[in-house]
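The block underneath contains the structure these notes are about, expressed in structure tokens.
The values are calculated or read from the model by the stated rules, or taken from the named source; none is laboratory data. A quick note: this is a predicted structure, and the numbers were derived from the prediction, not measured. Ideal geometry is used to build each Cβ from the backbone, glycine not excepted, and the neighbour counts take in all protein chains shown. Each accessible area value is taken on the protein alone, full model and side chains, heavy atoms only, with ligands, DNA and RNA left out. Shrake-Rupley method; radii C 1.70, N 1.55, O 1.52, S 1.80 Å.
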Amino acid sequence: MAQPTLKSILGKRSETTAWLKSWATLTGTDITVEDNQHNLLFCTENNPENEPAYPVQLEDEMMGWVKGKGEAAIMANLLSLMLQKEADKKKLGSEVLNLYQELNVIYNFSEKLSQTIDPDIIAQLTLEQAMHSIPSTSGVVISWDEESRRLEIPARAGAALFDESLLLGNSHLLLKIGLSGQSEIMHDISFLKQKGIVESDAQSLIYAAMKVKHRILGAIIMTDKNADQYTAAHLKLLVTLALQSSAAIESALLFEKNIREVREREEAILRIHEVTKKFVPNEFIRLLGKTSLTDVKLGDQAEKIVTVLFTDIRDFTTLSENMTPDENFRFVSSFNERLGPIIRLHQGFINQYLGDSIMAIFPRQPVDALNAAIAMQIAVYELNVERISQGLPIIKAGIGMHTGPLIMGITGDEHRLDAATISDTVNTAARIESLTKYYRSPLLLSGETLFQIADQDKFLLRQLGKVQLKGKYKLLSIVECLNGNPEKNLQKKIVTSAYFTDAMEAYFEQDFKNAIEIFQSIMAIDSEDYTALYFMENALRYQQSGVPENWNGAEEMVSK
Amino acid sequence: MQQKILIVDDEAHIRMLIEQTLEELEDEGVEFLTAENGEIALEIIKEEKPNLVFLDVMMPKMNGMEVCRRVKKELGMEAVYIVLLTAKGQELDRLKGQEVGADVYMTKPFDPEVILNKAKEVLGIA
């Protein structure tokens, strides 16, 4: 720090100069003032050349002289005093400047910290700032990871005066010096050198703990090749930087933790969503005009023309008799696992699993349901090939479908909701499915469904006449679809299909004799045409005991 | 000719801080002048023709803007390099500073290093 000079207090604009001049005039004293280089700084009109010179001193240093009679001695003392005051002022000023610079450092440092939320970057910024403000040969930041319970070095700077592996391996020692929550300038670092943690040419060491309340996050350690490098002011600044950095790291860690928790929660919600959509089909929710299950409420409903399809395993009761409940469950599951994807592939969705039967809805167009049913029959056939090779009995599945209006809605009460379908279409489809037992045909559809299928030529169809379902007045046309039969059976059916039409015509005209003859010739070609057999047996019965009154050809279905 | 720096601020500690910051220039023979308001500052600028002025904007008796305008526009002392100092957050003054002809504009709290480097640059001291 530069000391004040006589020149600096006796400048042209200085008040001291003005005061000196008026004092000399008032008292009629002749004086001169010279600095220690003999530069003349002040003189009255008459130069007192031969008078004694009185020294002006600042802390034992000769700063200049006042020449003149006796009064000049008082003036010399006064100027000494003023120099002393000026020196004090400068000293104070320099201290204020230091504080101001420190403030500025901390101010800029906080600004930098506020721009990052990465704990490692915060550690690096802290060390950079510390190395800049407190010149050191080498520095590291050591952090304590709560979760992994390990020490890490997220930042390093300068020459490598630390042995990092020893530093990390020696947590006991670190606990003593850096992680004890203390901060200090270490004068004796010989024990650190002996352990090899610090290189031998390090001479001084300073460290500050990074902590939040009483929790230790880590430490900043710096070392220098010069002895006595660090001052109390350095330690104070380092502690301030360390504390600021700790607060920033703490909030960064909290932020990371929050982000992680939010992500975990989101994933959990997503999983719940994934599961719920398996229980209540998304299509169902979409048909209600909603995007999510959470939007659905009691009383929501929508009406739409759909095709309802039922499948059922024939003689399931007999099949399950020989199975344990567990085997039973697995059998039904494996069956459903094969058919479910086929339904979805054809734009349908499963409304309900009812034990060994499935209820599916095809909202787009009836041909989707028919294509799905054919594919399902093929799948059952393939399953049977496997079962035969395993020595298991084969499975037969009946499929029936009907097209009509359907109301889908949310029913139940405040505490228990369920997705429900309320429709006569569902009942009718279920009954058509149960007809597959009577007609011994695996795939039946209603006239209403067939009516809405454009390319009927693509399918092999046989009209089975009309039925009157129990409790209903309206007659329902039943159509058999032969597609999905194994290839060899299909060939015979194609050959006999023209006869079948003729036979059914004769049957409905009550020409039972003719009908029986044609059915017999069909049976001669295809002994496995059980549908033909069914109608032939009916015809035989009517031939013997006559038809009921008002017989219109429709079968009256009394069961289901 | 001796180089001069004038420091103008109504707050004594700011004057002291700037003077202290620039202290090492004293060894280069630079003379420091100080003023505590705009009127005194204008007088000193006219008389002493300093090379560089650190001029606070918010001051009683003629603010820094006005001092700057008079020096640059009325007195035509273009050679006097003027650094305007304002408190942080008053950045709107920047445009006005350009209008009145200030050479550069700095905010308080200032970075001592920036102030010292600016002075060295203006005075041509390495």
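What is the average number of partner chain Cβ atoms found within 10 Å of a Cβ in A:102-115?
Values: counts 0, 1, 6, 1, 0, 3, 2, 0, 0, 0, 0, 0, 0, 0.
Mean number of neighbouring Cβ atoms from other chains: 1.
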Q) Mind checking how much accessible area A and B bury in total, 1.4 Å probe, in Å² rounded to 100? A) 1500
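For B:8-20, what's the mean count of beta carbons from other chains sitting within 10 Å of each residue's beta carbon?
3
Going by the alpha-carbon gyration tensor, a ≥ b ≥ c the square roots of its eigenvalues, is segment A:108-244 rounded (a/c under 1.5) or, if a/c is not under 1.5, prolate (a/b greater than b/c) versus oblate? Let's see the in-between values first.
Working: a/c = 1.60, a/b = 1.19, b/c = 1.35.
It comes out oblate by the Cα gyration axes.
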Q) Given the options B:GLY101, B:GLY38, B:GLY64, which has the most mean-square fluctuation in a GNM of chain B, springs set between C-alpha atoms less than 10 angstrom apart? A) B:GLY101
Q: Choose one of A:LEU81, A:THR25, A:MET63: the residue whose Cα lies farthest towards the positive end of the charge dipole of segment A:6-106 (beta-carbon charges +1 Lys, Arg; -1 Asp, Glu; about the Cα centre).
A: A:THR25
**Q.** Peptide-level mean, for A:91-98, of C-beta atoms on other protein chains within 10 Å
**A.** 4
Q. Hey, what does the equivalent ellipsoid look like for the protein assembly as shown, semi-axes from the Cα gyration tensor as sqrt of 5 times each eigenvalue, largest first, whole Å?
A. 111, 32, 18
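Can you pick out the pairs among A:LYS466/A:LYS493; A:LYS396/A:LYS437; A:LYS112/B:LYS120; A:LYS437/A:LYS472; B:LYS4/B:LYS120 whose Cα atoms lie more than 18 Å from each other? Please list the in-between numbers first.
Numbers: A:LYS466/A:LYS493 21 Å; A:LYS396/A:LYS437 10 Å; A:LYS112/B:LYS120 28 Å; A:LYS437/A:LYS472 20 Å; B:LYS4/B:LYS120 12 Å.
Listed pairs above 18 Å: A:LYS466/A:LYS493; A:LYS112/B:LYS120; A:LYS437/A:LYS472.
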Q. Is any helix in chain B, taking whole DSSP H runs, at least 24 angstrom long along its axis by alpha carbon and on average at least 1.6 on the Kyte-Doolittle scale, and which ones?
A. none
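For the pairs A:LYS304/A:LYS474; A:LYS89/B:LYS96; A:LYS90/A:LYS236, flag any whose C-alpha to C-alpha distance is greater than 29 Å. Intermediate values should be presented prior to the final figure.
On the way: A:LYS304/A:LYS474 21 Å; A:LYS89/B:LYS96 36 Å; A:LYS90/A:LYS236 23 Å.
In this structure, A:LYS89/B:LYS96 exceed 29 Å between Cα atoms.
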Q. Tell me which aspartates and glutamates have Cα within less than 14 Å of A:LYS85's Cα, excluding those fewer than 8 residues away on the same chain?
A. A:GLU59
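Between A:SER497 and A:LYS437, what length in nm is gained on full extension when 0.36 nm per residue of separation is reduced by their alpha carbon distance? Write down the numbers at each step before the final one.
Values: separation 60, 0.36 × 60 = 21.60 nm, distance 2.10 nm.
Taking 0.36 nm per residue and subtracting the Cα distance, the gain is 19.5 nm.
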Q.
Translational diffusion coefficient of segment A:217-315 at 4 °C, 1.567 mPa s, Stokes-Einstein with Kirkwood Rh over Cα pairs, in µm²/s as a whole number.
A. 63
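Percent of accessible area on chain A owned by carbon and sulfur, 1.4 Å probe?
Carbon and sulfur together cover 52 percent of it.
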Q: Keeping all protein chains in place, calculate the accessible area per residue for segment A:6-106 (probe 1.4 angstrom), answer in Å².
A: 60
Q) Between A:GLN3, A:ILE285, A:ILE522, whose Cα lies farthest towards the positive end of the dipole of chain A when Lys and Arg beta carbons carry +1 and Asp and Glu beta carbons carry -1, centred on the Cα centre? A) A:ILE522
**Q.** Relative contact order for segment B:1-61, counting Cα pairs under 8 Å that sit 6 or more residues apart, in percent
**A.** 52
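When ranked by the protection proxy of mean other Cβ atoms within 10 Å per residue, highest first, what sequence do the peptides A:500-511, A:19-30, A:198-209 form? If you can, show how the numbers build up before the last one.
Details: A:500-511: 17.2, A:19-30: 13.5, A:198-209: 20.2.
Result, highest mean Cβ count within 10 Å first: A:198-209, A:500-511, A:19-30.
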Q) Which shape class applies to segment A:424-560: rounded if a/c is under 1.5, otherwise prolate when a/b exceeds b/c and oblate if not, where a ≥ b ≥ c are the square roots of the Cα gyration tensor eigenvalues? A) oblate
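Relative to the present Cα-Cα distance, how much length would full extension add between A:LEU166 and A:THR27 at 0.36 nm per residue of separation? Don't skip to the answer; put the middle values down first.
Values: separation 139, 0.36 × 139 = 50.04 nm, distance 7.90 nm.
Taking 0.36 nm per residue and subtracting the Cα distance, the gain is 42.1 nm.
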Q: Pull up the cross-link candidates among the aspartates and glutamates for A:LYS297, meaning alpha carbon to alpha carbon under 15 Å and not fewer than 8 places away within one chain.
A: A:ASP413, A:GLU414, A:ASP418
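Can you order the peptides A:134-142, B:111-119, A:352-360 by their average number of other Cβ atoms within 10 Å per residue, highest first? Please list the in-between numbers first.
Working: A:134-142: 23.2, B:111-119: 16.2, A:352-360: 18.0.
In decreasing order of mean packing, A:134-142, B:111-119, A:352-360 become A:134-142, A:352-360, B:111-119.
Before rounding to the nearest 500, sum -39500 (n - 2.57) across all DSSP H runs of length at least 4 in the protein assembly as shown and divide by the residue total; then give [θ] at 222 nm in deg cm²/dmol. Walk me through the numbers before you get to the answer.
Numbers: 22 runs with 318 residues, N = 686.
That calculation yields -15000 deg cm²/dmol at 222 nm.
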Q: Over chain B, calculate the relative contact order: mean separation of alpha carbon pairs under 8 Å at least 6 apart, over the residue count, as a percent.
A: 25
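Counting only C-alpha contacts under 8 Å and six or more residues apart, can you give the relative contact order of chain A as a whole percent?
RCO, chain A: 8 percent.
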Q: Enumerate the residues in segment A:9-23 having an amide nitrogen under 17 Å from the point lying 7 Å beyond the Cα of B:GLU26 toward its Cβ.
A: A:9-17
Q | Highest to lowest packing among B:43-52, A:420-429, A:377-386, scored as the average C-beta count within 10 Å | A | A:420-429, B:43-52, A:377-386
Q) Classify segment A:301-484: rounded, prolate or oblate, from the alpha-carbon gyration tensor (a ≥ b ≥ c, eigenvalue square roots; a/c under 1.5 rounded; otherwise prolate if a/b is larger than b/c)? A) oblate
Q. Label points 7 Å out from Cα along the Cβ direction at A:THR324 and A:LYS225: separation in nm?
A. 8.1
Q | Dipole of chain A, positive end: most advanced residue of A:ASN328, A:SER180, A:LEU151 [Cβ charges, Cα centre] | A | A:ASN328
Q | Nearby lysines by direct alpha-carbon distance to A:LYS69 (threshold 18 angstrom, same-chain neighbours under 8 apart not counted) | A | A:LYS21
